[in-house]
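Visitor: Could you have a look at this structure, given as structure tokens, before my questions?
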Amino acid sequence: MNNESERSYTPQPRTHQEVEEEVGDLSSRALDMTQVKGKVTDVGPATYPCGTSEEKKQGLRNVRHVWSVYGVDHDTLDKGMKNLAAQLPQNGWQVVRNGPNAKTESKRIEVFAVHEQTRTQLEARWMDRSDGGEDLIHFAVYSRCFKDTDPE
């Protein structure tokens, strides 16, 4: 996004603490929807600058929560991705994409969704050892840009 005229919405004034809590809650609910009882990386939501250089100076921010669930077998991850895709619409999310990730060797399923009320976005990618790492579901949950009313 190069400038606000290209953005299809006006960033709303909010505190980053409020948005971090909202994104963290949505992330937690996404994990619950998978019904996977594995290990979860211990990283919380964080606030980052958003927009053009000038918009960043004026306090435009977004919140991202990047984490993974791992330590379970292949079949559990498969079922977890299927559970997630099935549960998202019932929990206020619009699924934008649910299919194989053509950019990985394994072609495992990825799910992209938008929370209809908050417009928070979710990306869930099932990755396995053939992708060069551990078997896991990688999540990125992130808010829209907002005007941080408490930038400290």
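The values are calculated or read from the model by the stated rules, or taken from the named source; none is laboratory data. All of these numbers come straight from a predicted model, not from anything done at the bench. All Cβ positions, even for glycine, are placed from backbone atoms using ideal geometry, and neighbour counts span all protein chains on display. When the accessible area is computed, the model is the full protein with side chains, heavy atoms only, and any ligands, DNA or RNA have been set aside. Shrake-Rupley method; radii C 1.70, N 1.55, O 1.52, S 1.80 Å.
Visitor: Output the residues belonging to the stretch 56-72 that are outside any strand (DSSP E or B) and open to solvent by 20 Å² or more (accessible area, probe 1.4 Å).
Guide: Matches in the stretch 56-72: LYS56, LYS57, GLN58, GLY71, VAL72.
Visitor: Scan the stretch 13-55 residue by residue and report those that are surrounded by 19 or more Cβ atoms within 10 Å (Cβ to Cβ), not β-branched (Val, Ile, Thr) and not in a helix (DSSP H, G or I).
Guide: Across the stretch 13-55, the qualifying residues are PRO45, CYS50, GLY51.
Visitor: Pull up the stretch 25-51, narrow it to residues that are over 13 Å from the mean Cα position of the chain (by Cα) and of a type in the set (Gly, Ala, Ser), then point me to the one that is farthest from TRP67 (Cα to Cα).
Guide: GLY51
Visitor: Something else now. Out of (1) more than 17 Å from the chain's Cα centre (by Cα); (2) in contact (Cβ under 8 Å) with a residue 24 or more places away in the chain, the odd one out for LYS57 is which?
Guide: It is condition (2) that LYS57 fails.
Visitor: Please specify each residue of the stretch 73-130 satisfying the condition of being part of a loop (DSSP other than H, G, I, E, B), modelled with pLDDT of 90 or more and open to solvent by 70 Å² or more (accessible area, probe 1.4 Å).
Guide: ASP73, GLU116, GLN117, ARG119
Visitor: Shifting gears a bit: Which condition breaks for PRO100 when tested against (1) touching a residue at least 60 places away in the same chain (Cβ under 8 Å); (2) more than 30 Å from PRO11 (Cβ to Cβ)?
Guide: (1)
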